[in-house]
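Just so you know, all these numbers are worked out from the coordinates, no wet-lab data involved. Here the structure is a predicted model, which means the values were calculated and not measured. So basically every Cβ, Gly included, is an ideal-geometry build from the backbone, and we count neighbours across all protein chains shown.
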Amino acid sequence: MSGKKIFILGGSGFVGGHLVRRLSADGHEVTIATRYAPAARHLAIVPGVRIRQCRPYDLDSLTQALEGHDLAINLVGILNERGFGGKGFRRAHVELVEKIIIACEAAQVSQFIQMSSINAGEGSSYYLQTRGQAEQLVQQAQVSGLLDTAIFRPSTIFGPDDSFLNRFASLLKISPMLPLARPNARFAPVYVGDVVEAFARVIAGERLDGQVYELCGSEVWALKELVVWLRDELGLRRLIIGLPDWMGQMQGMAFNLVPGKPFSSDNFKSLQLDSVCTENGFLRLDIQPWGMGELAPTWLGASGRHGRARTGPDDRDAS
C-alpha cells in the first residue's frame with residue numbers, strides 16, 4: 001500500500017493525536033488543519049506531519065488547504081455549546097461538514113471520513129440531532145457520487161489522556177460525594193487505540209463505499225457502576241449518589257450557567273439514550289476491541305488498591 005496524503009480537521013485533539021501518530025507510522029503524509037497552529041505544535045515533530053493554519057468556515061481558505069490531498073477526515077465535535085438553542089452545535093457539526101464537502105469537491109479530494117457518534121440523529125439533544133444532520137450530508141455526498149465516504153460512530157472513547165475517565169477522576173479526587181444524573185444510562189466505552197486501528201484499516205482499503213461503523217468496547221457499563229469502579233481503582237472513599245430524573249434535569253439546568261459547562265441540559269438529554277452499539281463495526285474490520293475494565297487499570301491503578309502488573313495494549317493482538 002502506498003501512502004496517502006491525508007487532511008485532518010480536529011487533528012490536535014485527543015483522538016487526533018493518536019490517529020496522526022498511527023497514520024505517520026503507516027507511511028501516510030498528514031496535514032493537520034487548524035485555526036490556531038500552536039495548539040498542534042506537539043505533533044509537528046511526528047514524521048510526515050505538517051501543520052497548516054486555515055479558516056475552516058471560509059471556503060477559499062479551506063479549499064486551498066485541501067488541495068493536493070487524497071482523503072479528508074473530520075474529527076471536530078463539541079459536547080456543549082457556549083450559548084443555548086443549538087446554534088453552536090449546528091455550526092460545529094453541520095455547517096462545518098457542509099463546508100468540507102463543498103471544499104473537497106472544489107479541491108478534487110475524492111474521499112472523506114466523518115467522526116460521528118452512537119445515536120446520531122436520535123433523541124432530543126442538539127448534540128445528537130446535529131450529529132445526525134451531518135451524517136445525512138455525508139451520505140448524500142456518497143449517493144450523489146461527489147465523495148467516497150465512511151462514517152464512524154463510537155461510544156464514549158477512553159484512553160490515558162481522555163476527557164472522560166480523567167474528568168470523573170478529577171471530580172472524585174476533590175469531592176467527598178458525587179451526584180450522578182441518569183445513573184443507569186449504559187455505555188460501551190471504546191479504547192482510543194481500537195478506534196485508531198479502525199481508521200487505519202479503512203484507510204488502507206481502496207474504497208470507503210459509504211460504510212458506517214459503530215464502534216463499542218467489549219464491556220457495557222451503567223454510569224453509576226462505572227464511576228464506582230473508577231473510585232475503587234483510584235483507592236478513594238467517596239459516596240456516589242444516583243439522582244432521579246427530576247433532580248438530574250435540575251442539575252443540568254444549574255450547570256448550564258457554570259463556565260465551561262461540565263454538565264448541561266443537553267448532556268442530560270443525550271444520556272436518555274444508551275450509548276451502546278446495535279451492530280459490531282469492529283467485527284467487520286476483524287478487530288477485537290478492549291474492554292475498559294481490562295485495560296484502563298494499567299494506567300489508573302498505579303497508586304490504588306489495584307496497582308499491580310497487568311497486561312496492556314501491547315500484550316494483546318488487536319485482531
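Miscellaneous remarks
- Bridge orientation summary for the chain: considering DSSP beta bridges with both residues in this region, about 5 percent are antiparallel.
- Note on the chain: Lys pairs 8 or more places apart or on different chains, Cα atoms under 23 Å apart, count 10.
- Net length available on complete extension from L59 to R35 is 7.3 nm, with 0.36 nm assigned per residue and the Cα-Cα distance removed.
- Between the alpha-carbon centres of the stretch 183-244 and the stretch 74-121 there is a gap of 22 Å.
- Local electrostatic count at K5 - Lys and Arg +1, Asp and Glu -1, tallied over other residues with Cβ under 9 Å: -1
- Positive minus negative residues near Q129 (Lys, Arg vs Asp, Glu; Cβ under 13 Å): 0
- Using the Cβ-Cβ distance between Q108 and S175 with R0 = 45 Å, the FRET efficiency computed as 1/(1 + (r/R0)^6) comes to roughly 0.25.
- Computed helical MRE - 222 nm, the chain, DSSP H runs ≥ 4 contributing -39500 (n - 2.57), nearest 500: -10500 deg cm²/dmol
- Fully extending the segment from E122 to E206 would add 27.1 nm, taking 0.36 nm per residue of separation and subtracting the current Cα-Cα distance.
- Extension gain from D161 to Q136, taking 0.36 nm per residue of separation minus the Cα-Cα distance: 5.9 nm
- Cα gyration tensor, the stretch 192-277 - rounded (a/c under 1.5), prolate or oblate: prolate
- Normalised by the number of residues in the chain, the average gap of Cα pairs under 8 Å and 6 or more apart makes the relative contact order 15 percent.
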